[in-house]
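Written out below as C-alpha cells is the structure these notes cover.
The values are calculated or read from the model by the stated rules, or taken from the named source; none is laboratory data. Please read all numbers here as calculations on a predicted model, not as lab measurements. All Cβ positions, even for glycine, are placed from backbone atoms using ideal geometry, and neighbour counts span all protein chains on display.
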Amino acid sequence: MLTVDEIRKDFPILSRKINGKQYAYLDNTTTTHKPLSVIKTMTDFLKKENSSVNRGVYYLSQKATARCEETREKVQRFINAKREEEVVFTKGTTEAINLVATSFGSTLKKGDEVIITEMEHHANIVPWQQVCLSQGAIFKVIPFSDSGMLDQEAFDRLLSHKTKIVAITHCSNVLGTINSIKKMVEKAHKYGAKVLIDGAQAIQHLPIDVQDLDCDFYCFSGHKLYGPTGIGILYGKYELLSMMPPYQTGGDMIDIVTFEKTTFKETPYKFEAGTSAIVEIIGLGATIDYLENIGYETITLLEVPLLEYAMSELKQIEGISIYGSAAKRAGIISFNIDGVHAHDAGTIFDDEGVALRVGHHCAQPIMTHFGIPATIRASIGFYNTKEEIDKFIIGVKKIKEFFK
C-alpha cells in the first residue's frame, strides 16, 4: 500500500505556500488536484500528437481517435458497464444530467411523475423541473431527516406506476451522506421507473459497478476524480440510449445529411456533437490508470481515519453546528460556527493557508431545510494528512476566538 507521503509527491501543488504558510487544500468536493502523470499525458499529447479525431486518415488523427476510444474502454472497465457503447463523453456531470433530462425526458407525458431528493445539487434539480414544466409531468421530492438520511418511507409513498424517472445523488455534496442506491433502484424498477444517479461526489471515494447497482444512468465528472475539467461521463443502458433522440446536433454525430433529411450515428456517437474534448478525454484515461494503481482499498484506508479524526476534533469545540451525521458518509463536513458568517470564516481560513468552501454549495434546498444561508465545508481527499486536519481545527479555534 502506498503511503500518503508517497502519493503527495505526485501532486506538486500541495507543496505550495499560501500567505507564507503551508497550503492545506480541503476543497476536494469542488475539484481535486491532478497527479503529474495526468498533467504529463495531456501536455505530451499537445506537444507531440495533437490532432482532431474521427475525421482524418492521416497518422496523428488516427492515433488521437484510437486514444479517445481507449479511454472509453477504460471507463467501461472502471465502472463495469456491459459494453463500451454505453459510455458517452460529456462536458461533465451537469451536461450528462441535462442530456438525459432533455432526451429521455422528451418521452414524458402529462401526468407522468419525476422523483428527486431534497438533498440534490442544483444540477439534478433544475433540469427535471424544466422538463416537468415543458411536458406537463409532476415533480416530487423525497425529504431527508436532520441527520441527513433520506426518508425511505416517504420514497415508498411517492413511488407509483406513474413514476417514470427517479433522479438521486449517490453522495450528498453538502451532508456527505452515501445513499442506499441499490435498494432504491430495486424499489423504482418494481414500478417500471428508470433511475439516474448523480455520482459526482461518490466515484472518487467508492468503486462503482453499474451492473451491480442496476441503475439506468450514472453520471460523473473527471475533475472530481483527480482528472481534468471539461470532461464527464454519462453511462446509460444500451437499450435506453439507443431509443433516445440526440441531445445536440451537428458535427460528427451525423450519418447522412441532405436538405430533405438527416440520419444519425448509433449510440454513443449520436450524443457527442462537435469536436470532442480530446486532450481532456485522454487525460481522463490517464486518471483512471492512476487511480487503478492506487486502488480504492488504499483510498478508503487513507480517507476514513481523517474524516473520523476531523469529526471527533470538531465535535469537541463548543458552538459548532455540524450538518449531517449519517453512519455511511464520504469525507465531507459541513458546519457553522455560532455567531460567525460562513463567508467571514472562509476569508480567515484563507489567511491561515486553509482552502475550503463556503456558501450554499449549489444546494439551496438543503440550506432551506436547516434554516441557514450557507455553511463552511471541508472535504477530504486521499492526499490529505492529519497535519492538515490539525491546521484546519486550529483555524476553527482562531475564528471562534476572533469573533468572541
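Is it the case that some residue within region 56-76 is within 30 Å of I142 (Cβ to Cβ) and basic (K, R)?
Within region 56-76, none of the residues are within 30 Å of I142 (Cβ to Cβ) and basic (K, R).
Among the residues of region 78-106, which ones are under 21 Å from the mean Cα position of the chain (by Cα), in a loop (DSSP other than H, G, I, E, B) and among the charged types (D, E, K, R)?
K91
Between V57, V53, V75, V38, which is part of a loop (DSSP other than H, G, I, E, B) and either touching a residue at least 24 places away in the same chain (Cβ under 8 Å) or in contact with a His (Cβ under 8 Å, 6 or more places away or on another chain) (or both)?
V53
Restricting to region 376-404, and then to whatever is within 25 Å of A363 (Cα to Cα), among the hydrophobic types (A, V, I, L, M, F, W, C) and in contact with a Gly (Cβ under 7 Å, 6 or more places away or on another chain), can you tell me which residue is surrounded by the fewest Cβ atoms within 10 Å (Cβ to Cβ)?
Ranking the candidates gives I376 first.
Please work out which residue is nearest to the chain's Cα centre (by Cα), limiting yourself to region 245-263 and to residues that are surrounded by fewer than 17 Cβ atoms within 10 Å (Cβ to Cβ) and under 26 Å from C215 (Cα atoms).
Checking each candidate, the answer is Q248.
If a residue has to be touching a Leu at 6+ places or on another chain (Cβ under 8 Å), farther than 21 Å from S180 by Cα and buried (at least 19 other Cβ atoms within 10 Å of the Cβ) to count, how many in region 322-339 make the cut?
The total comes to 1.
Within region 211-242, can you find the residues that are more than 21 Å from F11 (Cα to Cα), touching a residue at least 40 places away in the same chain (Cβ under 8 Å) and buried (at least 23 other Cβ atoms within 10 Å of the Cβ)?
F217, Y218, C219, F220, G232, I233, L234, Y235, G236, L241
Just checking, does region 306-321 include any residue being without any contact (Cβ under 8 Å) to a residue 40 or more places away in the chain and surrounded by 15 or more Cβ atoms within 10 Å (Cβ to Cβ)?
Checked region 306-321: at least one residue is without any contact (Cβ under 8 Å) to a residue 40 or more places away in the chain and surrounded by 15 or more Cβ atoms within 10 Å (Cβ to Cβ).
Within region 243-263, is there a residue that is touching an Asp or Glu at 6+ places or on another chain (Cβ under 9 Å), touching a residue at least 12 places away in the same chain (Cβ under 8 Å), of a type in the set (G, A, S) and more than 27 Å from Q62 (Cα to Cα)?
So far as region 243-263 goes, no, none of its residues is touching an Asp or Glu at 6+ places or on another chain (Cβ under 9 Å), touching a residue at least 12 places away in the same chain (Cβ under 8 Å), of a type in the set (G, A, S) and more than 27 Å from Q62 (Cα to Cα).
Which members of region 318-361 meet the condition of being among the small types (G, A, S) and within 17 Å of C171 (Cα to Cα)?
G324, S325, A326, A327, A330, G331, S334
Hey, can you tell me all the residues within region 13-33 that are surrounded by fewer than 14 Cβ atoms within 10 Å (Cβ to Cβ) and out of contact with any helix residue (DSSP H, G or I) (no Cβ under 7 Å at 6 or more places or on another chain)?
Residues satisfying the conditions are I13, S15, R16, K17, G20, K21.
For region 150-163, check the following and say yes or no: at least one residue is in contact (Cβ under 8 Å) with a residue 24 or more places away in the chain, over 30 Å from K110 (Cβ atoms) and among the small types (G, A, S).
No, region 150-163 contains no residue that is in contact (Cβ under 8 Å) with a residue 24 or more places away in the chain, over 30 Å from K110 (Cβ atoms) and among the small types (G, A, S).
Being touching a helix residue (DSSP H, G or I) at 6+ places or on another chain (Cβ under 8 Å), modelled with pLDDT of 95 or more and crowded, with 19+ Cβ neighbours inside 10 Å narrows it down to one residue among V38, V53; which is it?
Among V38, V53, only V38 is touching a helix residue (DSSP H, G or I) at 6+ places or on another chain (Cβ under 8 Å), modelled with pLDDT of 95 or more and crowded, with 19+ Cβ neighbours inside 10 Å.
Looking at region 149-182 only, could you name the residues that are assigned to a strand (DSSP E or B) and closer than 18 Å to A193 by Cα?
Across region 149-182, the qualifying residues are T163, K164, I165, V166, A167, I168, T169.
Select from region 107-124 the residues that are over 20 Å from D156 (Cα atoms) and in a loop (DSSP other than H, G, I, E, B) and write down the one among them that is farthest from the chain's Cα centre (by Cα).
By that ranking, first place goes to K110.
Rundown of residues vs (1) within 23 Å of the chain's Cα centre (by Cα); (2) at pLDDT 95 or above, yes/no style:
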| residue | (1), (2) |
| --- | --- |
| I233 | yes, yes |
| G236 | yes, yes |
| M243 | no, yes |
| K265 | no, no |
| V279 | yes, yes |
| A286 | yes, yes |
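Looking only at region 134-148, count every residue that is closer than 28 Å to K109 by Cβ and either in a loop (DSSP other than H, G, I, E, B) or in the same structural domain as T368 (by TED's automatic domain parsing) (or both) and tell me the total.
Here the count works out to 3.
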